[in-house]
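Take a look at the structure below.
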Amino acid sequence: MSIKLGVNIDHIATIREARKVREPDPIAAAVIAELAGCHCITAHLRGDRRHIQDRDIRLLRGMITTHLNMRIAPTPEMVQFAIDVQPDMVTLVPENNAEVTTEGGLNVAAKLDELARIVATLKNNDVKVCVFVDAETDQIKAAKKCGADFVELNTFNFASAYDMGNSNEVEKELSALKDMTLLANKYGIRVNAGHGLNYRNVEEIASIPNIEELHIGHSIIARAALVGLDRAVKEMLEAIKL
Ligand code: PXP
């Protein structure tokens, strides 16, 4: 089974929101990314609506033909919105309005009861649930306890170490990601990964057995600004092909 690519289109909306106008439209971007061969579209509806808007999620639900991964913070407002819109999957992430991007995995272990209730609510409404976690044993165990279908392993520390040329840290992070993939699978949890991945560092992660899908945003959209989205997505698909 070869690894799949989920394209996160938030930063198309970031450009649009810089001017509060209608273009570029993330819906058009999602269609182009799908035509280029990606396997999933991810969009993060943040509480502060800094990029993706409610309308985007609703239109994406109607338009895309692969699958829609809606990323949200585990708040009652967002859970209700997801239930209304019915994405194929929700990925739960921590969120604070001061952050530039997601700053780390969700501390599932620390909020187990609350998250277990949210996961059950979403699953009872036919939405698969993924939790974005750091590659730590306690978090994988907690993901199992709270009933998540998937974990998305946070690759940010790996990506930073790789880009700084810190090979000791790279090895440490890779081995944690491999071990936690195995542990999650042992518990019957499927594994995705993402955050900070780019054309240079992605191969190491793409070659970890049993990671099903990589979720990549910034590097693809940044490249798309220069070479076009079709080419940027195809080049990433090429980069993750084993
Ligand atoms: N996965 C999660 C949970 C994220 O919060 C982000 C950041 O938007 C990504 C993946 C994608 O990260 P990047 O934009 O660095 O590719």
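Computed from the coordinates by the stated procedures, all read-outs in this text should not be read as laboratory data. What you see is a predicted model; the values in this text were computed from it and never measured. Neighbour counts run over all protein chains shown; Cβ positions are idealised from the backbone, glycine included.
Distance from the C-alpha centroid of the stretch 104-121 to that of the stretch 1-79: 23 Å, rounded to the whole angstrom.
In this structure the amide hydrogen of residue 152, modeled in the peptide plane, comes within under 5 Å of the amide hydrogens of 131, 132, 133, 192, none closer than 5 places in sequence on its chain.
The Cα center of the stretch 139-198 and the Cα center of the stretch 206-237 differ in position by 18 Å. Can you give the calculated 222 nm mean residue ellipticity of the chain, where each DSSP H run of n ≥ 4 adds -39,500 (n - 2.57) and the sum is split over every residue, rounded to the nearest 500 deg cm²/dmol? When only DSSP H runs of four or more count, the value is -14500 deg cm²/dmol. Name the shape class, rounded, prolate or oblate, that the alpha-carbon gyration tensor gives for the chain, where a ≥ b ≥ c are the square roots of its eigenvalues, rounded holds for a/c under 1.5, and otherwise prolate holds if a/b is larger than b/c and oblate otherwise. It is oblate, given that a/c is not under 1.5 and a/b is not larger than b/c. The alpha-carbon of residue 178 sits under 18 angstrom from the alpha-carbons of these aspartates and glutamates, leaving out residues fewer than 8 places away in its chain: 134, 136, 138, 152, 169, 203, 204, 212, 213. Kirkwood hydrodynamic radius computed over the stretch 58-124 comes to 13.0 Å, based on all pairs of distinct alpha carbons.
Listed by chain and number, the lysines whose C-alpha is less than 17 Å from the C-alpha of residue 234, apart from same-chain residues fewer than 8 away, are 4. Of the peptides 146-153, 92-99, 186-193, the ranking by mean beta-carbon count within 10 Å, highest at the top, reads 146-153, 186-193, 92-99.
Residue 185 to residue 55: extension gain in nm, 0.36 nm per residue of separation minus the Cα-Cα distance?
Values: separation 130, 0.36 × 130 = 46.80 nm, distance 3.56 nm.
Between residue 185 and residue 55, full extension yields 43.2 nm more.
When the chain is treated as a Gaussian network with alpha carbon springs shorter than 10 Å, the biggest mean-square fluctuation among 164, 63, 89 belongs to 164. Taking amide H as placed 1.01 Å from N in the peptide plane, residue 71 has its amide H under 5 Å from the amide H of 43, 44, 45, 91, each at least 5 places away in sequence or on another chain. Net charge of the neighbourhood of residue 87, taken over other residues with C-beta under 11 Å away and scored Lys/Arg +1, Asp/Glu -1, is +1.
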